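Here the structure comes first, spelled out in structure tokens, and everything after it is commentary.
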Amino acid sequence: MSDPAPSDTPHTPELLTCDILYTGMGGAQSPGGVVVSGGVIAATGHPDTLRGNFPHARERRAGSIIAPPPVNAHTHLDMSAYDFQALPYFRWIPEVAMGQREKRGLAGALAGADNLSALGVGAVGDIVGSHGQNMLAPLLARTDLSGVVYFEVLNPFPEQADEVFAAARQVIESHRKLERPGGPRLGLSPHTPFTVSHRLMRLLTDYAAGEGLPMQIHVAEHPAEVELFRTGGGPIWDSMTRFPYPTTFAEVIGRAPEADLTPVRYLDELGVLAARPTLVHMVNVMPDDIARTARAGCAVVTCPRSNTHLECGVFPWSAFAAAGVEIALGTDSVASGGSLDVRDDVAFARTLYPHLDPRLLVRAAVKGGHRVTGTAMPFIRRGELWQDAFIWA
Ligand SMILES: [Zn+2]
């Protein structure tokens with residue numbers, strides 16, 4: 001081994017240590033260390049091994065976690081001007097989501113994008129609301145963000161499906177030329193399986209699959225969604241009376257609700273899962289739903305703080321992981337999540353899942369997020385430039 005540089009030169013190697021190191025390859029390790037020399041990564045591994053191989057390195061504890069910047073795989077940037085409020089789901093929607101509606105829009109979206117950029121986020125999966133076409137161009141123009149800007153579509157009337165689909169396709173086609181290499185890409189988001197008719201869901205899915213557009217769908221967020229597919233009624237149905245909505249839920253989904261029908265089984269049997277959309281939330285699911293998700297190869301995004309704040313339940317992380325489903329993390333909007341920093345969700349998840357290996361959470365926030373957004377992940381390995389953004393906390 002060559003003689004290390006004298007300790008008073010700028011090229012003295014530095015050994016940065018942490019509790020959890022995720023390099024982007026394999027699993028995360030604990031504890032971990034990274035040797036940096038002249039701004040370049042010289043080695044990664046267990047601190048003891050690195051101390052042995054780099055005896056003259058100056059050692060410094062960098063923080064709890066060293067990993068590539070995490071991905072916020074699901075958010076609503078156009079709600080970034082909202083005030084955060086934790087309330088049960090059926091109060092949050094009218095009082096916060098609808099109640100602060102005037103705060104939704106381009107100014108919030110751009111402020112949220114600035115916030116994510118300042119946080120050094122790895123990539124973002126952002127939902128642009130169905131009335132927010134004016135936000136697509138400014139978000140696609142961001143050179144400081146990568147990921148997907150999903151245009152949301154929402155309409156429960158099957159007889160309006162062709163018309164709504166044609167309008168959505170027009171929006172997508174008129175913005176595709178604004179996609180630039182390395183920048184955000186366009187995607188499609190059918191809002192939920194109960195706010196998008198079966199016919200519109202199929203049209204959007206077939207179009208997205210044919211065009212290679214990534215998709216996100218909110219699925220099984222609240223227990224009442226499961227009840228709706230089982231019985232055709234319940235609190236979601238009751239709450240729909242304030243919106244224009246078909247006379248029966250069977251009209252929306254094109255089949256009768258039944259005891260074994262779940263939102264996931266419905267989407268699977270409709271042919272939607274075959275297009276491999278990312279399924280967001282997936283809190284209230286049965287073992288069969290998890291098996292269907294795994295078989296289809298769909299990734300899921302969990303928003304731990306939002307689900308807890310809205311009292312939706314706890315995403316069954318271990319069951320999805322055991323089935324081999326790729327898991328990513330998102331903040332959801334600031335109005336239900338509390339911030340756009342997905343590291344806050346990783347920290348929260350460590351308390352929510354005390355028996356889960358925290359290394360899995362870190363890996364999910366990085367690798368799962370890049371998988372969902374289809375973005376390239378930087379690796380922490382010998383020869384790559386060191387970035388301070390690799391230190392999470
Ligand atoms: Zn959402």
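The values are calculated or read from the model by the stated rules, or taken from the named source; none is laboratory data. Just so it is clear, the model here is predicted, and its values are computed rather than measured. Cβ atoms come from the backbone with ideal geometry, glycine included; neighbour counts cover every protein chain shown. Heads up: the accessible areas ignore ligands, DNA and RNA and are worked out on the full protein's heavy atoms, side chains in. Shrake-Rupley method; radii C 1.70, N 1.55, O 1.52, S 1.80 Å.
Please give the charge dipole size of segment 267-393, origin at the Cα centre, charges +1 on K and R Cβ atoms and -1 on D and E Cβ atoms. Round to the nearest 20 debye.
480
Provide Rg over Rh for segment 153-203; use the alpha carbon set for both Rg and the Kirkwood Rh (inverse mean inverse pair distance).
1.06
Could you do me a favour and compute the accessible area per residue for segment 34-98, 1.4 Å probe, result in Å²?
Value for segment 34-98: 39 Å² per residue.
Given the options Leu77, Gly99, Ala365, identify the residue whose Cα lies farthest towards the positive end of the charge dipole of the chain (+1 on Cβ of Lys, Arg; -1 on Cβ of Asp, Glu).
After comparing all options, I get Ala365.
Please work out the ratio of the alpha-carbon Rg of the chain to 2.2 N^0.38 Å and round it to two decimals.
The chain yields a ratio of 1.05.
Could you compute Rg(Cα) / (2.2 N^0.38 Å) for segment 39-98, with N its residue count?
Normalised Cα radius of gyration, segment 39-98: 2.13.
What shape does segment 64-220 have by the C-alpha gyration tensor, where a ≥ b ≥ c are the square roots of the eigenvalues, rounded means a/c under 1.5, and otherwise prolate means a/b greater than b/c and oblate the rest?
Oblate, because a/c is 1.5 or more while a/b does not exceed b/c.
Can you order the peptides 253-260, 83-90 by their average number of other Cβ atoms within 10 Å per residue, highest first?
83-90, 253-260
For the chain, what does -39500 (n - 2.57) per DSSP helix run (n ≥ 4), summed and divided by total residues, give at 222 nm, in deg cm²/dmol to the nearest 500?
-9500 deg cm²/dmol
Is there a quick way to get the dipole size of segment 237-302? I mean about its Cα centre, with the Cβ of Lys and Arg at +1 and of Asp and Glu at -1; what is the value in debye to the nearest 20?
240
For segment 309-367, how big is Rg over Rh, using alpha carbon atoms and the Kirkwood form of Rh?
Result for segment 309-367 is an Rg/Rh of 0.94.
For segment 48-148, what is the relative contact order in percent, using Cα pairs closer than 8 Å and at least 6 residues apart in sequence?
Dividing the mean separation by the residue count of segment 48-148 yields 34 percent.
Sorted by mean Cβ packing within 10 Å, highest first, what order do the peptides 373-382, 322-331 take?
The packing order, highest mean first, is 322-331, 373-382.
Considering the Cα positions of segment 176-228, please state its Rg to one decimal place and its Dmax as a whole number of Å.
13.8, 43
With contacts defined as alpha carbon pairs under 8 Å and 6 or more residues apart, what's the relative contact order of the chain in percent?
22
Order the peptides 26-39, 268-281, 206-219, 188-201 from the highest to the lowest mean number of other Cβ atoms within 10 Å of their residues.
188-201, 268-281, 206-219, 26-39
Which of rounded, prolate or oblate describes segment 1-133 when judged by the alpha-carbon gyration tensor and an a/c cut-off of 1.5?
Prolate, because a/c is 1.5 or more and a/b exceeds b/c.
Once the dipole of the chain is set up with Lys and Arg at +1 and Asp and Glu at -1 on Cβ about the Cα centre, which of Ser197, Ala220, Leu273 lies farthest towards its positive end?
So the residue furthest toward the plus end is Leu273.
In terms of the Cα gyration tensor, with a ≥ b ≥ c the square roots of its eigenvalues, is segment 159-263 rounded because a/c is under 1.5, prolate because a/b exceeds b/c, or oblate?
prolate
If you take the C-alpha gyration tensor of segment 257-393, multiply each eigenvalue by 5 and take the square root, what semi-axes do you get, largest first, in whole Å?
Taking √(5λ) for each eigenvalue gives 28, 18, 13 Å, largest first.
Whole angstrom only: what separates the Cα centroid of segment 134-204 from the Cα centroid of segment 280-320?
What the calculation gives is 23 Å, centre to centre.
In whole percent, and with a 1.4 Å probe on the protein chains, what portion of the accessible area of segment 130-185 is carbon and sulfur?
Carbon with sulfur: 54 percent of the solvent-accessible area.
About the Cα centre of the chain, how large is the charge dipole given +1 on each Lys and Arg Cβ and -1 on each Asp and Glu Cβ? Please answer in debye to the nearest 20.
640
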